[in-house]
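Readers should treat all values here as calculations from the given coordinates under stated rules, not as data from a laboratory. If you're wondering where the values come from, they're calculated on a predicted model, not measured in any experiment. Virtual Cβ from ideal backbone geometry, glycine too; neighbours counted across all protein chains shown.
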Amino acid sequence: MSILEKDLVVKKATREAFGDEIVKLGKENKNIYVIDVDIAKSCKTTKFIKELPNQHINVGIAEQNAAGLAAGLATTGKIPFVSTYAVFGSLRMAEQIRQEICYPNLNVKIACSHGGLTPANDGGSHQAIEDMGVLRTFPNMTVVMGADYYSTRKLVEQAANMYGPVYLRFTRDAVPIIYDEHEEFIIGKAKKINDGEDIAIIANGDTVCLAIEATKQLEAKGVSVKLFDMHTIKPLDREAVMECIKIGKIITVEDHNILNGLGSAVCEVVAEEGKGIVRRIGVQDQFGQSAPYQKLLALNGITVENIVQTAFGLLQK
Amino acid sequence: MRKTSVEELKQLAIQMRQTALTMIYKAQSGHPGGSLSAADLMTALYFRELNVDPNNPTWEDRDRFVLSKGHACPIQYAALALRGFVPYETIYTLREYGSPFQGHPDMKKCPGIDISTGSLGQGLSCAVGMAIAGKRDQKDYRVFCLLGDGECQEGQIWEAVQTAVKYQLDNLFIFVDYNNLQIDGFCDEVMPLLDLEKKFEAFGCETRYINGHSMEEIVETLDEITVNKNGKPKCVILETVKGKGVSYMENVAEWHGIAPNDEEYERAMEEIARGLQ
C-alpha cells in the first residue's frame, strides 16, 4: 500500500524511537555508551540505564563536559551517544562538538530530543530552531532527523554503525507513524514517498506528515507531486535534489528556521545548477513562545494549507 | 624497569627547554612562556612516569596524556621528538603546512597526541572520558592531564572535576601549571584564582601543592600519588614561573605567545644550559 493511501492515525514521538533503539544497540554492542545530562527520563534513556548501567554515565547539568567526556570515551573505541535537548545539544555544547568531536573526527553521536517547535509549551527558550543549521557547518558532521518512529529507529541504528560524528534530532511530541516497521533507511539517501512531475516537495522530520497530506490534496486536484523525505540534511542527497530540479518547482518544508536548514541546503544545489525555483516553508526567522504545537506551526505557515497554496502559486510561475 | 633518576631528569629538562625554544625560534611563532613553566613536570612525565611506546603510539594499554593547555604544545612536541615518537628534525617544522606539529595539538596529525586540544577548558573532560573507559574496561592505564592556571577560570574544568570525583577516578592525575600569568597579565588581576589547592580539594580531589621547578619534589610527588588507589582523583598544583629558565622571559606576560629573535634566542639557549649549575 502506498503511504498516500494510509491513514496516518497512530502516533508516537521519535524520542521514543531513540529510547527503544539504543537499548537494542547497547545490548548488541558493549561499546555503545549513553551520556545523560539529568534529563534521562525526558530523553527516554531510563530503560538503557536500567538494563545497561555499565554503559551509562550521567554528568548532571553539564552539557559541555558531556561532549568532551564523550570525545575522551571515543578515543578508546567507545561509541558514545550524548543525550539531551536539541537547544543544548547544538548550542550549549557547540564549541566542544567542534573542537573535540568534529575537528579530530571522533565517533560521537549527539542524540537530541525536543527538536524544532515540538517542545511547544516550554516556550521559545526550549524550541530548537537553528540547531541543524549550526551543526551542518561543522566539517565531518552528519545531520539527521527522521520523520517518524520507525524511520528514526533505523536512522539511529545507521548512525551507530557508521564511523564519525552524527547529530540526530527527535520530536518531543508524538508524530504520525508513516512507514512500515521493515522499511529500510540509509543516512544520506532521501526516501521517495511519491513520484510526480508537476511539482516537487522536499520535507523532513515532523513536517513530512504535513507534506504527505498536502500531496494527497494536490494529487486529488490533479497535481502530480514528487515528494521526498530528506531525513539527512548533511550530506544532502544531491541526486534527489537533481530529480526535483528537473521539475524546476520545489517546495521545502521543515520545522527549523528557513535560514541554514533543509531549505537553504536545497537552495544551494538549485543555485549551483542555475535552474529551478524554491519556496521555503519553515520557521520564519523568529523565536517561538508557549503555545500548542499546531498553533506554533501555523504562526510560521508550516501547514498543509500553506503547502498546497504555495504549490498552486508556484504552478502559476 | 629502571626509573630515570632525578639528576638525569634535570639534564633532560635542559634539552626539553632548548628543544621547545628552538622550535619556536625556527617557526618565529608559538608560546614559550607556558612551555617553559611546564618543562620540568613534562620531563618527569615523559622520561620517568608515562607508560608509553614511541613505536606503538596508539597501544591500547598505554597511559594517556592530555595537554589541556594546548598552546604549551612545544614542550610536549619536544618530549615526543626526544622520545622518538617523531624524527627529531620534526622540531624544525612547527606550525608549517603539513607538519605533525600544528599550532595546537592535533591527534590526527601527530603520533603520541591522545586528543586534540587548543580551546581552553576542554581537555579535562576528555581525560575524564578516557579514565572512565579505563575503569569500565578494567584496564590498568592511567590518564594524566595538564591544565593551565588561567584555564581554571573556565567553568567546564569544574564540571569535569565533579565527574572525576563522582566516578572515583583514581586513575586520573590532574596537574595545574600555576605560573600566575595569563595573556592580559597576572591571574590575580585578570581573574583571581584564589586557593586552587583548596578548590580542588573541596571538589573532592586528593591534592598537593609543590614547587613545580624542583625535580626532587615532582618525582617524590609522582611516586606518592600514583600508588594511592583510594578512589579519589589526584590533583597537583605546581607553583611555577612563566618563562622559567630564560631570565628576560621569566614572569613577563608578553612572552606568552611571541618568538625570540636571533640575539634573544642565543642568550636563551645559553641561559638554559647554564641553569643546571
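Of note:
- Exposure proxy ranking, count of Cβ atoms within 10 Å, fewest first, for A:I129, A:I39: A:I39, A:I129
- Of B:S247, B:I258, B:V236, farthest towards positive along the dipole that unit charges on Lys, Arg, Asp, Glu beta carbons give the range B:230-277: B:V236
- The fewest-to-most ranking of A:V9, A:V156, B:V6 by surrounding Cβ atoms within 10 Å reads A:V9, B:V6, A:V156.
- Using a 4.7 Å Cβ-Cβ cutoff, the cysteines of chain B lacking any partner cysteine are B:C73, B:C110, B:C126, B:C145, B:C152, B:C187.
- Helix-only arithmetic for chain B: the sum of -39500 (n - 2.57) across DSSP H runs with n ≥ 4, divided by the residue total, places the mean residue ellipticity at 222 nm at -11500 deg cm²/dmol.
- Value at 222 nm in deg cm²/dmol, rounded to 500, when DSSP H runs of n ≥ 4 in chain A each add -39,500 (n - 2.57): -10000 deg cm²/dmol
- Selection from B:Q122, B:L45, A:H256 lying farthest towards where the dipole of the protein assembly as shown points positive, charges on Cβ: A:H256
- Across the range A:191-315 the C-alpha pair distances fall into 5 Å bins from zero in the proportions 2, 12, 25, 25, 20, 11, 4, 1, 0 percent.
- Karplus-derived HN-Hα couplings along the range B:55-60 (A = 6.51, B = -1.76, C = 1.60, θ = phi - 60°), whole Hz, x at Gly and Pro: 7, 9, x, 9, 2, 6
- DSSP beta bridges in chain A [antiparallel fraction, %, rounded to 5]: 20 percent
- Length gained when the stretch B:E263-B:Q28 is fully extended (0.36 nm per residue, less Cα-Cα span): 83.3 nm
- Under the convention that each Lys and Arg Cβ holds +1 and each Asp and Glu Cβ holds -1, the size of the dipole of the range B:57-116 around its Cα centre is about 140 debye.
- For the range B:6-274, the relative contact order is 24 percent, taking Cα pairs closer than 8 Å that sit 6 or more residues apart in sequence and dividing their mean separation by the residue count.
- Fewest-first ordering of A:V283, A:V208 by other beta carbons within 10 Å of each residue's beta carbon gives A:V283, A:V208.
- Candidates A:A160, A:A62, A:A70, ranked by Gaussian network fluctuation over chain A, Cα under 10 Å, top entry: A:A62
- Size of electric dipole in the protein assembly as shown: Cβ of Lys, Arg +1 and of Asp, Glu -1, about Cα centre, debye, nearest 20: 1460 debye
- Highest-MSF residue in chain B out of B:R95, B:R64, B:R267 [GNM, Cα springs under 10 Å]: B:R267
- At 0.692 mPa s and 37 °C, Stokes D of chain A from Kirkwood alpha-carbon radius, µm² per second: 170 µm²/s
- Within the range A:12-176: Cβ-based charge dipole about Cα centre, in debye rounded to nearest 20 (Lys, Arg +1; Asp, Glu -1): 340 debye
- Greater than 31 Å apart at Cα, pairs in B:K139/B:K242; A:K24/B:K234; B:K10/B:K135; B:K10/B:K166; B:K3/B:K69; A:K249/A:K295: B:K139/B:K242; A:K24/B:K234; B:K10/B:K135; B:K10/B:K166
- Fraction of antiparallel bridges per DSSP, chain B only, in percent to nearest 5: 10 percent
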